[in-house]
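Below you'll find the structure, written out as structure tokens, and then a few comments.
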Amino acid sequence: MQENTSLPITEDRFMKTFKYFKSNKPKPSLKDVITAEKCSDHQVINITANTVIEDPRAELLGLKNLREWQVFTLKKHPGLLFIRNPFTALGQRYWIRKCLEEYPKKPNKLNIDIEITLEDWWRECFRNGECEKQLQKKLRWTTLGYHHNWDTKVYTESNKSKFPEDLAELSDVLAKYLGYSDFTAEAAIVNYYHMNSTLSAHTDHSEVNLKAPLFSFSFGQSAIFLIGGRDKSVEPSALLINSGDIVVMSKEARLCYHAVPKILPAVDSPWDVLDTEIIMPDSKNINFKYISQSEDIMLSMKENIDNKWHRFKDYIKESRINMNVRQVLNENQTSILMQ
Ligand code: OGA
Ligand code: MN
């Protein structure tokens, strides 16, 4: 990620819009924010495919039937795709829980590492039985796979841990759905936002492979997402992202400036709306590319229906989580060193 500070203030339309939406006094008007509900034809095109091939992995990964997915693109930002919440309620719970309980465990990297090394941040937050809010609030990001280096912006073979199989599988289902048959998830940043958090304007260009799309999965509270152009003189569009929504930055949009100027309280809590009778999927006959322990997923899903869910629920009612997945290498590459 890189800050571009070289533009004269008057031409930095991205910054101007960012400040407008970030402001608390006066509060920004949301009337021009594009939402999946009120998407007018001159701004948004529905590009949902008529014929979609089923993916038997979807159900176990907490996804709705692929035939129900709705895909949009913004006329002004070709390559930017928006998939309106394709997750089931249980699926939302599954990924929220993973981002809190599993992904921040060592050897993954956390922003709090510079202050304190914790083997298991989530467990530490509940060490005394009660929730240590201060420690809980400190977590802002976790990196998976090739660890994003925030200073050098360079991925290296020595700064890498195993990429989670479930997230690789989820990304694979999405990639195949979009027609990217060669996509491999190799790096991810999990961002944790509080109600007053922002993410400033940046482009993601550290990956060797800049042709592969970038997948962004969001859960919990809502956000205004700004998408601009290749430089900050381009006026960005504002998009409302709700829990479960997926943003894909592909093609022309892959290297465009983007930011999150505002977190907004969610109107709905789709993670709360569980169907009364939940039938667990049968994973035996599903051909998974990455996941070896699909029983673990099922167990975790079951736990999310009963008493273990309340701690995650308390966290997500005032937070937003974003999983930002990238392919790092080119298709024929097996390591960073091999260019
Ligand atoms: C990122 C990013 C956007 C979001 O992590 O690089 O752009 O919606 N996140 O949180
Ligand atoms: Mn980004």
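The values are calculated or read from the model by the stated rules, or taken from the named source; none is laboratory data. In this text the structure is predicted, and so the values were computed from the model without any measurement. Neighbour counts run over all protein chains shown; Cβ positions are idealised from the backbone, glycine included. Just the protein is used for accessible areas: all its heavy atoms, side chains included, with ligands, DNA and RNA removed. Shrake-Rupley method; radii C 1.70, N 1.55, O 1.52, S 1.80 Å.
Summary of computed values
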{"quantity": "For the range 115-212: rounded, prolate or oblate by the Cα gyration tensor [a/c cutoff 1.5]", "calculated": "prolate"}
{"quantity": "Approximate spin-label separation N111-Y20, in nm, with each point projected 7 Å along Cα-to-Cβ", "calculated": "2.7"}
{"quantity": "Accessible area of the range 18-338 divided out per residue, in Å², using a probe of 1.4 angstrom", "calculated": "47"}
{"quantity": "Spin-label model distance (nm) - S335 vs H310, 7 Å beyond Cα toward Cβ", "calculated": "5.0"}
{"quantity": "From phi via Karplus (6.51, -1.76, 1.60), per-residue ³J(HN,Hα) for the range 57-71 in Hz, x at Gly/Pro", "calculated": "6, 3, 4, 5, 8, x, 9, 6, 3, 4, 6, 8, 5, 10, 10"}
{"quantity": "Portion, in percent, of the accessible area of the chain that falls on carbon or sulfur, probe 1.4 Å", "calculated": "51"}
{"quantity": "Heavy-atom SASA rank of I83, I279 (probe 1.4 Å, accessible area, largest first)", "calculated": "I279, I83"}
{"quantity": "Prolate/oblate/rounded label for the range 144-281 (Cα gyration tensor, a/c 1.5)", "calculated": "oblate"}
{"quantity": "Extension gain, K137 back to E303 (0.36 nm per residue minus Cα-Cα distance, nm)", "calculated": "57.3 nm"}
{"quantity": "Helix-only CD estimate at 222 nm, as mean residue ellipticity for the chain, using -39500 (n - 2.57) per DSSP H run (n ≥ 4)", "calculated": "-5000 deg cm²/dmol"}
{"quantity": "HN-Hα J in Hz across the range 168-178 - Karplus 6.51, -1.76, 1.60, θ = phi - 60°, x for Gly and Pro", "calculated": "5, 5, 4, 5, 5, 4, 5, 4, 5, 4, 8"}
{"quantity": "Residue-span extension gain [D282 to S269] - 0.36 nm each, minus C-alpha spacing", "calculated": "2.0 nm"}
{"quantity": "Length added when fully stretched, Q43-L30, from 0.36 nm per residue minus Cα-Cα", "calculated": "3.1 nm"}
{"quantity": "Pair-distance profile P(r), taking every C-alpha pair of the chain, with 10 angstrom steps and integer %", "calculated": "5, 25, 36, 26, 7, 1"}
{"quantity": "Peptides 187-194, 67-74 ordered by average Cβ neighbours within 10 Å, highest first", "calculated": "187-194, 67-74"}
{"quantity": "Residue-wise HN-Hα coupling along the range 329-335, computed from phi with Karplus coefficients 6.51, -1.76, 1.60 (Hz; x: Gly, Pro)", "calculated": "8, 6, 3, 8, 9, 10, 8"}
{"quantity": "Rounded if a/c under 1.5, otherwise prolate or oblate - the range 111-172, Cα gyration tensor axes", "calculated": "oblate"}
{"quantity": "Rounded accessible area of H258 (nearest 10 Å², 1.4 Å probe)", "calculated": "10"}
{"quantity": "Local electrostatic count, L144, Cβ distance below 9 Å [Lys/Arg +1, Asp/Glu -1]", "calculated": "+2"}
